[in-house]
Amino acid sequence: MVKDNLSSAAITDNLKTRFVGQRVIYYPRLTSTMNVARREARQGAVEGTVVVAGEQTAGKGRVKRAWLSPRGSIALSVILHPDTACLPGLIMLSSLAAARSIEAVTALEAQVKWPNDILVNGKKVCGILLESDWRGKRVTYAIIGIGINVNFRLADFPGILPAATSLADELGKDVSRLDLVRALLTEMERLYRALPDGDAIYREWRARLVTLGRKVRVESGKTILEGIAESVARDGSLLLRHPDGSSTQIVAGDVRLRDDE
Ligand code: BTN
């Protein structure tokens, strides 16, 4: 039997962090951890507060999509108070923390699809949603929402994209969500504290991107662009080279790798 108790006490017990995960609010079932985290952040929650759900009934994905989080998944949101200059780094740190912790707990190889999807064997296993609140030019809080498909079988959810998978599907056995959450929170804090001089974070994130050098189709708002994903800048934006030689710098978008189609 894997350790799968996601209670606040089990997560915080002897967790080797200073602040990330030192306060955990656990719900067996709720709409979305983002909603609760936002309310907590507005009420002045301490930095590093984590909202975890055993199951979400209205999980939110990027670009207003729904995110499926049935029982057996990990759904959590972490409240941070970053300096404005560190905000782009949150995308990199959250995907690296997810990739590193998945690798540490499962020994599967995890890759990053720009900007912050985590893939295992070419299929999406984890999605990350970033939200920030500003007062003038200052970030009042940021919330990192992380969803990982862990102990459920994608075959039981035929509505989900074929390009998705779960850790249990890839491993053929269940994984300890508790070990994975604790590893994830520990990695997040380690990387967050390294963020002010975050060149190493940028370089590791760039090295893990499966996107670079590939033919891609990017949906950015209502625009669809195609080309080769040439490079990523220090602020996390993607440089797309079009067939006519021109280029576009993309700050946010949804990438599909074309050579897989
Ligand atoms: C994506 O579309 O790839 C991002 C998915 C983010 C899902 C996580 S699960 C925890 C948190 N709560 C939500 O409702 N969404 C994020």
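Each value in this text was obtained by applying a stated rule to the coordinates, not by laboratory testing. Since we're looking at a predicted model, the values are computed, not measured. Cβ coordinates were reconstructed from backbone atoms using ideal geometry, including for glycine residues, and neighbour counts include every protein chain displayed.
A few points about this structure:
- For the chain, adding -39500 (n - 2.57) for each run of n ≥ 4 DSSP H residues and dividing by the number of residues yields -8000 deg cm²/dmol at 222 nm.
- Cα centre as origin, Lys/Arg/Asp/Glu Cβ charges: the range 151-261 dipole, Debye: 120
- Overall form of the range 215-260 per C-alpha gyration tensor (a/c, 1.5; a/b vs b/c): rounded
- With the simple spin-label model, which puts each label point 7 Å out from Cα in the Cβ direction, the Lys173 to Ala85 separation comes to 4.8 nm.
- For the range 70-105 versus the range 141-176, the gap between their alpha-carbon centres in whole angstrom: 16
- Only beta bridges with both residues in the range 1-157 are counted; by DSSP, about 85 percent of them are antiparallel.
- Sequence-separation-based contact order of the range 83-159, relative, with Cα cut under 8 Å and 6+ spacing, percent: 22
- Arg29-Ala163 FRET efficiency (beta carbon distance; Förster radius 30 Å; 0.05 resolution): 0.65
- The range 68-197 shape via C-alpha gyration tensor axes, a/c threshold 1.5: prolate
- Among Pro70, Val150, Ile11 - extreme Cα towards positive end, dipole of the range 8-208, charges at beta-carbon: Pro70
- Overall form of the chain per C-alpha gyration tensor (a/c, 1.5; a/b vs b/c): oblate
- Over the chain, relative contact order from alpha-carbon pairs under 8 Å, at least 6 apart, %: 18
- Among Lys173, Lys222, Lys16, the largest mean-square fluctuation in a Gaussian network model of the chain (Cα springs under 10 Å) belongs to Lys222.
- Annotation: peptides 158-171, 207-220, ranked by per-residue average of other Cβ atoms within 10 Å with the highest first, follow the order 207-220, 158-171.
- Computed over the range 144-216: relative contact order in percent, which uses C-alpha pairs under 8 Å that are six or more apart: 20
- The stretch between Lys16 and Arg42 holds 6.7 nm of extra length on full extension. This uses 0.36 nm per residue minus the Cα-Cα distance.
- Assigned charges on the beta-carbon of Lys, Arg, Asp, Glu; the range 2-62 dipole about Cα centre (debye): 240
- For the range 162-199, backbone nitrogen atoms closer than 14 Å to the point 7 Å from Lys3 Cα along Cα-to-C-beta are found at 175-186.
- Between the range 187-212 and the range 20-64, the alpha-carbon center distance in angstrom: 24
- Computed extension length for Ala252-Lys137: 39.4 nm, one decimal, from 0.36 nm per residue of separation with the Cα-Cα distance subtracted.
- Per-residue 3J(HN,Hα) values for the range 216-222, derived from phi via the Karplus relation 6.51 cos²θ - 1.76 cosθ + 1.60 with θ = phi - 60°, read 10, 10, 10, 9, 10, x, 8 Hz in sequence order (x marks Gly and Pro).
- Full extension of the chain between Glu219 and Arg65 gives 54.1 nm of extra length, using 0.36 nm per residue less the Cα-Cα distance.
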